[in-house]
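The values are calculated or read from the model by the stated rules, or taken from the named source; none is laboratory data. What you are looking at is a predicted structure, and each value in this text was computed from that prediction instead of being measured. Cβ coordinates were reconstructed from backbone atoms using ideal geometry, including for glycine residues, and neighbour counts include every protein chain displayed.
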Amino acid sequence: MGRISDEDIRRVRDATDLVGLVSERVVLKQKGRLYWGCCPFHAEKTPSFKVDPTTQLWHCFGCGLGGDAFGYVMRIENLEFADAVRGLAERAHIEIHEEEGGAPSGQRNRLIAACEAAAEYYHAQLVRGGGGGASEARSYLSGRGFGSEVAKRFRLGYAPGRGRLARELTSEGFSADEIIAANLGLRGTNGELRDRFYERVMFPIHDLQGRCIAFGGRVLGKGEPKYLNTGETPIFSKGRNLYAIERAKADIVTSGAAVVVEGYTDVIALHEVGVRNVVATLGTALTREHVKLLGRFAKRVVYLFDGDEAGLRAADRAAGFIDRALTPEAGRERIELEVAVLPAGMDPADFAAAKGAEALGEVIGSAVPLLRFAIDRRLSAYDLDRPEQRAKALSDAAAVLAPVKDSILGHDYANYLADRLFVDFDTAMRAVKQARVEPAPGAQAEGEASTAVQATRTVTTPEERAEAELVSLLVSKPSLRGGACDLLAENLLTTDELRFVVEMLASDLELAPTDVMSRLAAECRDAVGMLSGGVGSEEAKPEDALAARDLVLRLKELDLRRRINAGNAELRHVEGLSGEESRKILTELSRLHDELAEVKRGVTQISFE
């Protein structure tokens with residue numbers, strides 16, 4: 001899908017009344033110019049959630065979250081920024097145009113409507129079709145334990161092919177270009193419009209809102225490919241979508257875990273026995289986009305594999321997802337990625353039918369962290385009773401930990417590796433430090449910038465609070481931004497997110513506050529949460545420049561005190577300092593104390609006039 005233009009984002013934002021939007025879910029009461037209610041993102045009895053109709057921003061003083069209309073929809077609906085814009089555009093009846101190969105919202109709606117019509121047609125062919133193909137499709141599903149009620153719940157269908165769907169969609173008003181763009185049909189060698197799917201059992205694929213956007217088709221009898229999926233379209237990407245996510249998302253949130261399998265029938269079988277927090281990939285291995293999508297609903301993802309050799313090979317490939325997101329240092333972004341393997345010769349559907357939900361729950365509950373699974377799998381390839389084999393095993397297994405070598409988790413598993421291989425911790429840790437990071441599946445291309453931060457931080461330290469208050473002033477009052485470049489040069493901002501905001505302001509001194517917050521919702525959500533409580537009216541007041549100056553002095557004082565404390569600690573704890581080295585530290589401390597005295601007198605080179 002393409003990029004939504006800044007102009008269309010502005011049109012959607014201007015057409016959205018935040019008070020009205022929030023009021024659809026939250027009871028708001030007006031107090032003065034602000035509206036207050038109980039936060040929809042955490043449990044509270046006393047309202048601490050404010051909506052400012054002037055700035056069109058919301059902020060919760062209880063949990064620290066905040067943002068604009070886009071940020072609200074992203075969080076309340078678990079959507080990406082672009083999807084939030086599309087949703088609000090539909091709400092306001094605004095047609096948006098997407099750049100770089102994207103489709104206008106009007107075209108997107110037409111393609112979704114075509115897929116919805118196709119799903120209804122395929123389902124009718126399955127349940128009412130009288131030909132041999134429809135009968136064979138019903139027999140196949142019955143053999144998997146899926147009767148008519150299951151077919152109805154999951155909108156299963158049958159594609160007869162022979163241009164019948166194309167003719168049906170054409171009769172409903174869809175053009176040939178729309179049918180082809182939705183990947184429901186294609187042109188034959190003679191130019192005739194043909195069906196893409198024929199003689200296949202059809203599994204509709206839905207988006208988060210439950211709208212059909214694509215299909216997976218299993219061939220009846222012999223034929224290749226066994227499974228055929230919709231190709232990439234303006235409304236569907238197999239690397240970003242998951243089968244049954246629209247049905248599973250509520251149970252994923254409730255259970256706190258998402259279970260990922262590799263087949264449509266596996267998902268259906270597990271849902272039917274009561275394990276409903278299950279989704280499947282769509283003819284592709286799990287990607288980082290999939291993990292990112294599931295991370296919106298739960299921080300624990302269990303990859304459930306068949307117990308045969310193919311399943312174990314797939315499990316081995318999952319090791320490519322080992323990165324900082326698995327570590328405690330990732331904070332709210334952390335994902336617990338685990339692996340569970342079924343007994344040999346059984347897939348999830350077979351196991352669910354033979355053993356039931358309780359036994360399946362035990363397998364899922366016994367899932368091991370991906371790091372441990374990957375290490376154990378590599379070690380299992382060696383004879384650890386032989387010293388030569390242990391040396392090779394150490395090098396091979398250490399590579400698993402290379403992406404997290406500097407984390408607490410990396411150190412813990414280095415210790416685990418040392419125990420398994422009967423070596424000391426230093427030897428294991430040295431091997432980990434020397435290991436090179438292996439390429440990961442779906443990894444971001446080298447040099448490609450990350451454009452979305454998914455977690456939302458809140459300010460906690462005195463420095464962060466002062467920084468957030470200062471940057472909020474600069475966002476709210478364009479007249480103060482003359483000091484933005486000097487603020488960056490002084491290097492007083494210790495928070496990367498807030499520095500990012502000031503760099504944005506320095507590059508465009510006239511950028512409207514609402515445009516700033518909208519861009520941050522798309523590019524740096526952490527900054528939105530840190531600023532939303534302090535961004536106010538654009539109207540400049542005489543005391544604003546003085547407030548900004550005082551905050552700069554506060555930041556400089558905190559910075560100088562931190563550097564003075566570090567210098568004193570160096571004098572106390574570093575042994576063997578030469579006389580010259582001690583004199584250099586003392587000279588620097590004296591200079592810092594002089595500068596601190598100037599700051600206390602109110603001296604600063606940064607002006608906001």
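Side notes on the structure shown:
- For the residues Arg33, Arg75, Arg3, Arg13, the requirement of being on the phi < 0 side of the Ramachandran plot, over 22 Å from the mean Cα position of the chain (by Cα), of a type in the set (Lys, Arg) and at pLDDT below 85 singles out Arg33.
- Close pairs from segment 385-401: first free of Cβ contacts under 8 Å to residues at least 40 places away in the same chain, partner of a type in the set (Phe, Trp, Tyr) and exposed (fewer than 12 other Cβ atoms within 10 Å of the Cβ), Cβ under 8 Å, at least 6 apart: Arg390/Phe422
- Residue among Val12, Val27 that is under 19 Å from Arg75 (Cα atoms), assigned to a helix (DSSP H, G or I) and touching a strand residue (DSSP E or B) at 6+ places or on another chain (Cβ under 9 Å): Val12
- The combined condition, being outside any loop (DSSP other than H, G, I, E, B), crowded, with 17+ Cβ neighbours inside 10 Å and at pLDDT 80 or above, is not fulfilled by Leu487.
- Filtered by the rule that a residue be assigned to a loop (DSSP other than H, G, I, E, B), within 22 Å of the chain's Cα centre (by Cα) and either outside the structural domain of Arg377 (by TED's automatic domain parsing) or not small (Gly, Ala, Ser) (or both), segment 280-321 gives Thr281, Leu282, Thr284, Leu286, Thr287, Arg296, Phe297, Lys299.
Yes/no matrix, rows are residues, columns are (1) farther than 29 Å from His411 by Cβ; (2) charged (D, E, K, R); (3) at pLDDT 85 or above:
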{"site": "Gly274", "(1), (2), (3)": "yes, no, yes"}
{"site": "Arg317", "(1), (2), (3)": "no, yes, no"}
{"site": "Arg324", "(1), (2), (3)": "no, yes, no"}
{"site": "Gly331", "(1), (2), (3)": "no, no, no"}
{"site": "Gly345", "(1), (2), (3)": "yes, no, no"}
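- For segment 499-520, the set of residues classified as touching a residue at least 12 places away in the same chain (Cβ under 8 Å) and charged (D, E, K, R) consists of Glu503, Glu510, Asp515, Arg519, listed by residue number.
Residue-wise test of (1) of a type in the set (Ser, Thr, Tyr); (2) modelled with pLDDT under 85; (3) touching a Gly at 6+ places or on another chain (Cβ under 8 Å).
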{"residue": "Arg91", "(1), (2), (3)": "no, no, no"}
{"residue": "Gly102", "(1), (2), (3)": "no, yes, yes"}
{"residue": "Gln107", "(1), (2), (3)": "no, yes, no"}
{"residue": "Arg110", "(1), (2), (3)": "no, no, no"}
{"residue": "Ala117", "(1), (2), (3)": "no, no, no"}
{"residue": "Glu120", "(1), (2), (3)": "no, no, no"}
{"residue": "Leu126", "(1), (2), (3)": "no, no, yes"}
{"residue": "Gly130", "(1), (2), (3)": "no, yes, no"}
{"residue": "Gly133", "(1), (2), (3)": "no, no, no"}
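- Looking only at residues of segment 237-255 that are part of a loop (DSSP other than H, G, I, E, B) and touching a Leu at 6+ places or on another chain (Cβ under 8 Å), we find that the one that is nearest to Val275 (Cα to Cα) is Leu242.
- Filter pass, Phe41 being outside any loop (DSSP other than H, G, I, E, B) and either of a type outside the set (Asp, Glu) or closer than 28 Å to Glu469 by Cβ (or both): no
- In segment 248-272, the qualifying residues are those that are small (Gly, Ala, Ser) and over 21 Å from the mean Cα position of the chain (by Cα), and the one that is modelled with the lowest pLDDT is Gly263.
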